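Here's the structure we're looking at; comments come further down.
The values are calculated or read from the model by the stated rules, or taken from the named source; none is laboratory data. Fair warning: this is a prediction, and the values are worked out from it, not measured in the lab. Counting neighbours? That spans all protein chains shown, and the Cβs are built from the backbone with ideal geometry, glycine included. Only protein heavy atoms, including side chains, enter the accessible area calculation; ligands, DNA and RNA are left aside. Shrake-Rupley method; radii C 1.70, N 1.55, O 1.52, S 1.80 Å.
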Amino acid sequence: SSASGLPFSDVSDSDSDISWAIPNINTAYDMGIINGYEDGTFRPKDNVAYEEALKMIVCTLGYTSISTDTTPWYSQFIAQAKKLGIIDVADRLGAAETPASRACIAQMLYDSLEAEIVEQGNVTSKTILTDYLGYIKSTGVVASDGVTSLTEPDADLRDDEVQITGQEANGTYQTYTYKTTDSKL
């Protein structure tokens, strides 16, 4: 919770602009997700570059033993991210050596939810989405609500339900009914 253990000359407990982030900076540093710059700074008020954001995400997934002894230093992180499918869409939103937009980082984070993670040095079949958040990704289209149906003549749904039809991995279509507390749905 203090900047005293950090090696960064520009991170201070007395800087009210960043003091709220010091516990997170400590955690990320301890986990090898961040390591700062060669001049001993962290530059907490600078924009995050595309490759820096990507490196942090890849390391968060457990891929921390990637070599930076390449030119450019981030090339192996980009290669790993491509392999994991993290930047298939984000590449259209940003590029290396430019500041990463919020949209680009959000897309990287979203696409990393289903990437296989490394635990205790081994690649697993676990993902953040399923194994840590407890969610199963379902994609599809809203087929009906209590008033309107796009797929059937009568939708037998309550006002607090919505029906989504989507294609499963095996190619079949399934329809799921979900309850919602959002009355606007």
*asked:* Accessible area per residue for the chain in Å², computed with a 1.4 Å probe and the full protein assembly in place, what is it?
replied: 65
_Y37, Y173, ranked by accessible area, largest first (probe 1.4 Å)_ = Y173, Y37
*Against the longest principal axis of the chain, how steep is helix 50-60, in degrees 0 to 90 to the nearest 10, with axes from Cα atoms?*
80
*Going by accessible area, probe 1.4 Å, with all protein chains left in place, what is the ranking of R92, R102, largest first?*
R102, R92
*Cα long-axis angle, helix 102-112 against the chain (0 to 90 degrees, to the nearest 10)*: 70
*Once you charge only the Cβ atoms, +1 for Lys and Arg and -1 for Asp and Glu, what is the size of the charge dipole of the range 25-96 about its Cα centre, to the nearest 20 debye?*
220
*Could you give me the percent of Cα pairs per 5 Å distance bin for the chain, shortest bin first, beginning at zero and ending with the bin that holds the maximum distance?*
1, 7, 12, 13, 15, 13, 11, 9, 7, 6, 4, 2, 1, 0
*asked:* Helix-only estimate, please: 222 nm mean residue ellipticity of the chain, summing -39500 (n - 2.57) across DSSP H runs of length 4 or more and dividing by its residues, to the nearest 500.
replied: -6500 deg cm²/dmol
*Report, in degrees rounded to the nearest 10, the 0 to 90 angle that the Cα long axis of helix 75-84 makes with the longest principal axis of the chain.*
20
_Longer than 28 Å from Cα to Cα, which of K45/K126; K55/K126; K82/K137; K55/K137 are they? Say none if no pair is._
K45/K126
_Highest mean first, how do 61-69, 78-86 rank when packing is the count of other Cβ atoms within 10 Å averaged over residues?_
78-86, 61-69
